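A.B. asks: Got a structure for you, questions after.
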Amino acid sequence: MEISKEELAKMIDSTNVKATAAKSEIEKLCREAAQYGFQCAVVNPTYVKFAAKFLRGSNVKVCSTVGFPFGVSLPETKGLEAVKAVWDGAEELDMVINLSALKSCDYDFVKRDIAAVVDVKRLSKDVIVKVIIESAYLTKDEKVIACKLAKEAGADFVKTSTGLFGEGATVEDVRLMRQTVGKDMGVKAAGGIRTYADAVAMIEAGANRLGTSTAIAIIKGVP
C-alpha cells in the first residue's frame with residue numbers, strides 16, 4: 001500500500017493524554033497538529049477549551065477523552081462529561097467502555113453507557129463518538145460483542161485501546177473489529193503505533209483512523 005503524507009496525516013489523531021502533560025506540551029501538540037494537518041489533537045477534558053482556542057481557524061479538530069482511562073464512571077457522568085467537552089469545543093470524543101459491565105455480561109448496561117455519550121449528538125449531530133474497547137483485555141467473543149454493542153448504540157467508531165494498558169493495537173484485533181462492524185463504521189487503531197510501517201499495517205487490516213503519541217515520527221517516515 002502506498003499512502004501520501006497528506007492522506008496519512010488526515011487519518012491520524014495526534015495524542016497527549018498523559019496525566020502529567022503540562023500546558024506547554026499541549027500547546028506543542030496543537031501547533032504540530034496544525035503544521036502537519038492531522039485530523040485531531042486528542043487531549044483530556046481539562047485542556048479541551050485551551051486546545052479549541054489554539055486550533056481555531058485550522059482544519060484540526062479537538063478530540064476529548066470521556067471516562068478515561070478506566071471507563072468505570074457512571075453512564076450519567078460520562079454523558080455530562082461529553083456535553084461539557086462539546087461545549088468547550090470538542091468535535092470528537094473518545095470514550096472508554098465499561099469493561100467491568102462487559103466482563104459481567106451486563107450488556108444492557110454497556111449499551112446504555114455508550115448511548116449516554118452518543119446522546120451528545122442532540123447538541124451537535126456532527127460530533128464523532130469513538131468507543132474504546134481495550135481489546136488487549138478481552139477474549140475474541142468479548143471483542144465482537146463490544147463492537148456490536150457500540151454499533152447498536154449509535155457510535156461512529158470502535159477503537160482498540162487507550163494506549164495505556166496491555167499491548168495496544170494488533171493487526172488481528174483491527175481485522176476482527178472491521179469484520180464485525182462492517183464497512184460503514186469507523187475503526188480506530190491506537191496503542192503501540194510508532195512507525196510508518198505500523199501505520200500501514202493497521203490501515204491494511206481495516207483501520208481508517210490511527211491514534212498515536214508519535215505522529216511526527218510516523219509522518220516523517222513516509223517514503
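A short reminder: the numbers here are calculations on the coordinates, not readings from a lab. Treat the numbers as computed from the prediction; the structure is a model and nothing was measured. Here the Cβ is made from the backbone with ideal geometry for all residues, glycine too, and neighbour counts use every protein chain on show.
A.B. asks: Would you work out which of Tyr196, Ala82, Gly206 lies farthest towards the positive end of the dipole of the chain, given +1 charges on the beta-carbon of Lys and Arg and -1 on that of Asp and Glu, about the Cα centre?
C.D. replies: The Cα lying farthest towards the positive end belongs to Ala82.
A.B. asks: To continue, here is another question. Just to be sure I understand the curve: with the Debye formula and one point per C-alpha of segment 80-157, what is log10 I(q)/I(0) at q = 0.11, 0.12, 0.13, 0.20 Å⁻¹?
C.D. replies: The Cα Debye sum returns log10 ratios of -0.26, -0.31, -0.36, -0.79.
A.B. asks: I would also like to ask the following. If you place +1 on the Cβ of every Lys and Arg, -1 on the Cβ of every Asp and Glu, and leave all else neutral, what size is the dipole of the chain about its Cα centre, to the nearest 20 Debye?
C.D. replies: Its charge dipole is roughly 420 debye.
A.B. asks: Another question, if that's okay. Mark the label point 7 Å from the Cα of Thr46 along Cα→Cβ and return the residues of segment 11-30 whose backbone N is within less than 15 Å of it.
C.D. replies: Output list for this probe position: 16-27.
A.B. asks: Pop a pseudo-label 7 angstrom from the Cα along the beta-carbon direction at both Cys105 and Phe70 and give the gap in nm to one decimal.
C.D. replies: Each label point lies 7 Å from its Cα, and together they span 2.5 nm.
A.B. asks: Within a Cβ distance under 10 Å of Ala205, other residues only, what is the Lys/Arg minus Asp/Glu net charge?
C.D. replies: Around Ala205, the charge tally is -1.
A.B. asks: Can you find, among Val66, Gly166, Val48, the residue sitting farthest towards the positive end of the charge dipole of segment 38-179, where Lys and Arg contribute +1 and Asp and Glu -1 at Cβ?
C.D. replies: Comparing the listed Cα positions along the dipole, Val48 ranks first.
A.B. asks: With Cβ to Cβ distances under 13 Å as the rule, what net charge do the other residues near Arg112 carry (K, R +1; D, E -1)? Numbers along the way, then the final one.
C.D. replies: Values: positive: Lys78, Lys111; negative: Glu76, Asp106, Asp108, Asp113, Asp119, Glu152.
Within the 13 Å Cβ shell, the charges total -4.
A.B. asks: May I pose another question? Where does the chain land at 222 nm, in deg cm²/dmol rounded to the nearest 500, when only DSSP H runs of n ≥ 4 count, each adding -39500 (n - 2.57), divided by all residues?
C.D. replies: Taken over the chain, the calculation gives -13000 deg cm²/dmol.
A.B. asks: Cα-based Rg (one decimal) and Dmax (whole number) for segment 43-127, in Å?
C.D. replies: 13.3, 45
A.B. asks: Scattering from the C-alpha atoms of the chain alone, worked out with Debye: what is log10 I(q)/I(0) at q = 0.08, 0.10, 0.14, 0.16 1/Å?
C.D. replies: -0.24, -0.39, -0.78, -1.04
A.B. asks: Principal axes first, then extents: for the Cα atoms of segment 94-203, list largest minus smallest coordinate on each axis, whole Å, largest first.
C.D. replies: 38, 33, 25
A.B. asks: Also: Starting with the highest mean, order 52-59, 195-202 by the number of other Cβ atoms within 10 Å, averaged over the residues of each peptide.
C.D. replies: So the peptides 52-59, 195-202, ranked by packing, come out 195-202, 52-59.
A.B. asks: Moving on to the next point. State the three equivalent ellipsoid semi-axes of segment 30-76, derived from the C-alpha gyration tensor as the square roots of 5 times its eigenvalues, in descending order and whole Å.
C.D. replies: 24, 10, 8
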